[in-house]
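Rule-based calculations on the coordinates, nothing more; no lab input. Just so you know, these numbers come straight off a predicted model, no measurement behind them. FYI the Cβ positions are ideal-geometry reconstructions off the backbone, even for glycines, and counts take in every protein chain you see.
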Amino acid sequence: MHKTFQPFFLLCILFYIFAFTTANAKDVTVGMGLSIPPYIISENNTGIEYEVIASALQAVGHSLIPDYVPLARVTMMLSEHKVDGATPLLPSPESSLCFSLPHISYQNVAISLREKNYSINEINDLNGMSLLAFQNAPVYLGKTFSDMTAKHHNYREDPNQSKQVHALFGGDTDVIILDINIFYYYYNKSKRKADFKPYTVHKIFMPSVYSVGFTDRQLCQQFNRGLKKIKKNKLYDEIFKRYTEH
């Protein structure tokens with residue numbers, strides 16, 4: 001009697017857990033920016049940030065439904081409750097939103113060819129060099145960079161970050177300024193990679209650390225649990241490696 005009861009009891013518990021998980025599973029709509037490879041690639045629902053969010057939600061039984069919009073609209077959509085979450089956001093103590101644990105960081109850097117042997121330890125060391133940065137870089141990289149570029153005689157921007165990479169290795173500029181993972185993404189995708197010369201990465205900018213914002217505190221806490229799970233089982237690291245190994 002006891003031996004028959006025990007498997008039946010365990011089966012009931014498993015059924016209850018499955019039913020509870022299924023009942024609480026939901027499609028989570030997250031507003032996120034238009035394509036920024038390798039972070040978000042909207043054409044096929046991939047990218048570092050996309051996969052981190054999707055995997056963290058999946059780890060707690062939810063599914064990600066992306067809503068791709070211009071970054072300027074992301075926070076607005078969340079405040080109007082048109083989405084469940086929004087990314088990437090900088091946590092603010094004044095906000096009523098629940099901000100997740102940091103899930104992604106952008107590390108902008110300066111990159112030069114090693115043969116130039118440049119000594120670049122701070123932003124103002126870029127004076128006197130030809131620079132090619134991403135679009136609106138002074139807005140994101142702080143006052144020191146903004147002041148420096150305002151007086152710089154050989155500073156340009158290009159919205160096409162693949163062209164930045166090829167401009168560096170083609171000798172069209174001394175230094176490029178962009179996020180390190182965006183650099184690795186286009187570096188690895190280039191058909192001319194075998195001909196590229198060695199390069200030096202100059203970390204002269206502070207990293208920008210971002211979170212997912214939620215209106216529902218419980219969903220926010222669930223996301224945090226999922227994020228911890230994928231970091232513990234190394235899936236988080238594997239996602240980054242797929243897009244940035246070089």
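Assorted remarks:
- Selection from L131, G142, G85, by position along the positive dipole direction of the range 41-187 (Cβ): L131
- Cα gyration tensor category, rounded, prolate or oblate, for the chain with a/c compared to 1.5: prolate
- Distance-filtered residues of the range 176-220 - backbone nitrogen under 15 Å, label point 7 angstrom along S130 Cα→Cβ: 176-177
- Under 11 Å from the D27 label point (7 Å along Cα→beta-carbon), backbone N, the range 79-96: none
- Under 25 Å from K228, Cα to Cα: lysines that are on another chain or at least 8 residues apart: K26, K241
- Within the chain, the whole DSSP H helices whose Cα atoms reach 18 Å or more along their own axis and whose mean Kyte-Doolittle score is at least 0.0 are 2-24.
- The slack between E94 and S162, meaning 0.36 nm per residue of separation minus the straight C-alpha distance, is 20.7 nm.
- Taking every lysine pair in the range 108-202 that is 8 or more places apart or spans two chains, those with Cα atoms closer than 16 Å amount to 6.
- The chain: antiparallel DSSP beta bridges as a percent of all, rounded to 5: 60 percent
- Computed over the range 108-202, Kirkwood Rh from alpha-carbon pairs, angstrom: 13.3 Å
- Expected 222 nm ellipticity per residue - DSSP helices of 4 or more, -39500 (n - 2.57), all of the chain, to 500: -12500 deg cm²/dmol
- Each Lys and Arg contributes +1 and each Asp and Glu -1, all at the Cβ; summed about the Cα centre of the range 108-202, the dipole is approximately 340 debye.
- Label-point separation, F196 to H153 (7 Å along Cα→Cβ), nm: 3.1 nm
- Take every pair of alpha-carbon atoms less than 8 Å apart whose residues are at least six positions apart; their mean separation over the length of the range 108-202 yields a relative contact order of 46 percent.
- With contacts taken as Cα pairs under 8 Å and at least 6 residues apart, the chain reaches a relative contact order of 29 percent.
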